[in-house]
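One structure is given here, and the rest of the page talks about it.
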Amino acid sequence: MHDHRKLGRELELFDTDPLIGAGLPYWLPAGAAIRHALEEYIREVERRAGYQHVYSPVIGKRELYEISGHWSHYRDGMYPPMDIGGEQAVLRPSLCPHHALIYRSRARSYRDLPLRMAELGGMYRAELSGVLGGLTRVRAIQLNDAHIFCAPDQVAAEAAAALGLIKQAYRALGIEPARYRLSLPSRDGKYVGGRDMWDRAAGLLEQVLGSAGVPYEAEEGEAAFYGPKIDVQIADSAEREASLSTVQVDFYLPERFGLEYIGADGARHRPVMVHRSVIGSAERAVAHLIDVYGGALPAWLAPVQLAALPVGDAQLPEADALAERAVGRGLRAVVARPESGSLGARIHASRLVPYQAVIGAREAAAGEAALRLRDGRRLPARPAGEVLARIGERVAAHSTELWEATG
Ligand SMILES: [Zn+2]
């Protein structure tokens with residue numbers, strides 16, 4: 001494994017500036033391209049799984065977090081309130097309260113459930129400066145979040161489906177969980193609501209893990225303040241563990257916000273909230289991908305997917321045309337121009353690019369491209385349009401394989 005902080009600088013993915021502040025990285029174009037591909041992927045996966053996306057503000061009134069319980073349970077991790085127009089506003093420590101309000105803003109019927117509300121949204125954590133670093137400990141977080149509002153008898157199926165989405169995403173990303181953790185409350189009374197509620201929620205999650213056939217370890221003291229959760233743990237190059245994905249069952253916030261739906265019986269009922277994140281935060285997910293791949297990312301995530309390499313100046317027009325066609329097809333392509341070095345030096349400089357198209361006199365004349373794959377494989381020259389179509393298929397498949405086995 002690699003160190004994402006070192007590679008982040010070397011590959012110009014992200015950086016920080018003391019004037020912006022510690023723990024507040026900005027994303028350079030190559031890093032932003034990775035993040036954008038990841039965000040696009042997850043939105044599409046969620047859309048197909050029946051989620052509806054919303055946007056909500058990263059600020060809320062202090063009162064909102066007093067209702068949700070964040071203010072009393074999580075205040076140390078929050079930024080201090082800002083006075084604005086005689087009111088106190090805070091940067092949000094989570095998206096849940098906003099989503100609860102969006103749910104509450106309309107009358108809901110049992111026919112609307114399960115209602116799966118998703119957002120890739122910002123949240124803020126007042127981490128101490130001593131622990132900040134790279135993309136893993138930051139003060140501004142972009143979370144792949146969703147809340148499923150459902151009837152009690154839908155909870156197990158929804159939590160299981162969320163776990164299924166996590167597995168699907170890990171396959172596309174080519175990452176392996178270190179372990180699954182069932183995070184339970186500690187016994188010190190820090191957790192809200194009645195014991196029954198916690199036992200019921202934990203029982204549901206146990207059932208989900210059991211029927212998914214996933215080995216897990218139960219751990220006390222790791223739950224959210226409003227409910228127990230399944231955490232999917234990943235490990236970095238130093239074997240430090242962190243939670244990336246999570247599925248949580250929550251009977252508490254629906255109570256606090258007085259959420260309701262009209263049941264088939266015409267009476268008012270209380271929904272359950274399933275909180276889930278498939279890829280965690282954009283920051284932590286990209287940091288982990290850099291750790292795992294050392295910059296040689298799967299083609300669909302690579303900042304540059306295709307490098308066109310003209311052998312000499314004479315083939316520059318054809319190389320430019322190939323890159324332009326690739327960009328027109330939605331690929332990220334560059335031309336490694338002859339003035340930047342010998343062909344060998346340019347191939348070396350492009351070693352992290354999954355597809356390298358060498359264009360010599362013969363290929364230029366025939367309108368072809370001879371593909372070199374990042375793993376060293378060389379493919380015979382094929383018409384340029386065909387080569388681009390094949391690359392486009394590989395990228396669209398969100399595969400970790402650079403080429404079909406028969407390639
Ligand atoms: Zn939540």
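The values are calculated or read from the model by the stated rules, or taken from the named source; none is laboratory data. Worth saying up front: this structure is predicted, and the values here are computed from it rather than measured. Every residue, glycine as well, gets a Cβ built from its backbone with ideal geometry; the counts of neighbours run over all protein chains shown. Side chains are part of the model used for accessible areas, which takes the heavy atoms of the whole protein and leaves out ligands, DNA and RNA. Shrake-Rupley method; radii C 1.70, N 1.55, O 1.52, S 1.80 Å.
What is the dipole size for the chain, taken about its Cα centre, with +1 at each Lys and Arg Cβ and -1 at each Asp and Glu Cβ, in debye to the nearest 20? Using only the charged Cβ atoms, the result is roughly 440 debye. Build a GNM of the chain with springs between Cα atoms under 10 Å apart, and of Thr136, Thr246, Thr16 the one that fluctuates most is Thr16.
Per residue, the Cα convex hull of the chain amounts to 173 Å³. Surface composition of the range 97-170: carbon plus sulfur atoms hold 50% of the accessible area, using a 1.4 angstrom probe and ignoring ligands, DNA and RNA. Counting only heavy atoms of the protein chains and using a 1.4 Å probe, Asp313 has close to 110 Å² of accessible surface.
To the nearest 10 degrees, how steeply does helix 195-212 sit against the main Cα axis of the chain, on a 0 to 90 scale? Helix 195-212 sits roughly 30 degrees off the main axis of the chain.
Accessible surface ranking for Met82, Met1, 1.4 angstrom probe, highest first: Met1, Met82.
Of the residues Arg111, Arg47, Arg125, the one that moves most in a GNM of the chain with alpha-carbon contacts below 10 Å is Arg111. Each Lys and Arg contributes +1 and each Asp and Glu -1, all at the Cβ; summed about the Cα centre of the range 318-407, the dipole is approximately 220 debye. Among Gly203, Gly21, Gly280, the residue with the largest mean-square fluctuation in a Gaussian network model of the chain, with springs joining Cα atoms closer than 10 Å, is Gly21. Accessible area per residue (1.4 Å probe, heavy atoms of protein chains only) ranks Tyr124, Tyr110, Tyr55 as Tyr55, Tyr110, Tyr124, with the largest value leading. Shown are Asp188, Asp250, whose ranking by accessible area with a 1.4 Å probe and every protein chain present, most to least, is Asp188, Asp250.
Per atom type, the range 249-288 shows carbon and sulfur on 43% of its accessible surface, probed at 1.4 Å.
Calculate for the chain the 222 nm mean residue ellipticity that helices alone would give, adding -39,500 (n - 2.57) per DSSP H run of length 4 or more and normalising by residue count, nearest 500 deg cm²/dmol. Dividing the helical sum by the residues of the chain leaves -10500 deg cm²/dmol.
With both residues required to sit in the chain, DSSP beta bridges show an antiparallel share near 75%. Take every DSSP beta bridge whose two residues both sit in the range 247-334; close to 75 percent of them are antiparallel. When the GluC sites (Glu not before Pro) in the range 218-300 are filtered for DSSP coil states and for at most 15 other beta-carbon atoms within 10 Å of their beta-carbon, the remaining sites are Glu239.
For Lys6, the accessible surface of its heavy atoms amounts to roughly 110 Å² (probe 1.4 Å, protein chains only, rounded to the nearest 10).
Summarising the label geometry, the points placed 7 Å from Cα in the beta-carbon direction at Ala242 and Glu87 lie 3.4 nm from one another. Each Lys or Arg adds one and each Asp or Glu takes one away; over the other residues whose Cβ falls under 13 Å from the Cβ of Ala33, this sums to -1. The residues of the range 1-109 present an accessible area of 57 Å² per residue when probed at 1.4 Å with all protein chains retained. For the chain, the longest principal axis of the Cα atoms and the long axis of helix 316-328 meet at an angle of about 20 degrees. For the Cα atoms of the chain, what angle does the longest principal axis make with the long axis of helix 282-293, in degrees from 0 to 90, nearest 10? It is inclined by approximately 50 degrees.
What does the charge add up to near Arg337, with Lys and Arg as +1, Asp and Glu as -1, over the other residues with Cβ less than 15 Å from its Cβ? Within the 15 Å Cβ shell, the charges total -4.
Cut-off 17 Å, label point 7 angstrom out along Cα-to-Cβ of Glu401: give me the residues of the range 371-387 whose amide nitrogen falls inside. Flagged as within label range: 373-379. Averaged over its residues, the range 263-311 has an accessible area of 22 Å² per residue, based on protein heavy atoms and a 1.4 Å probe.
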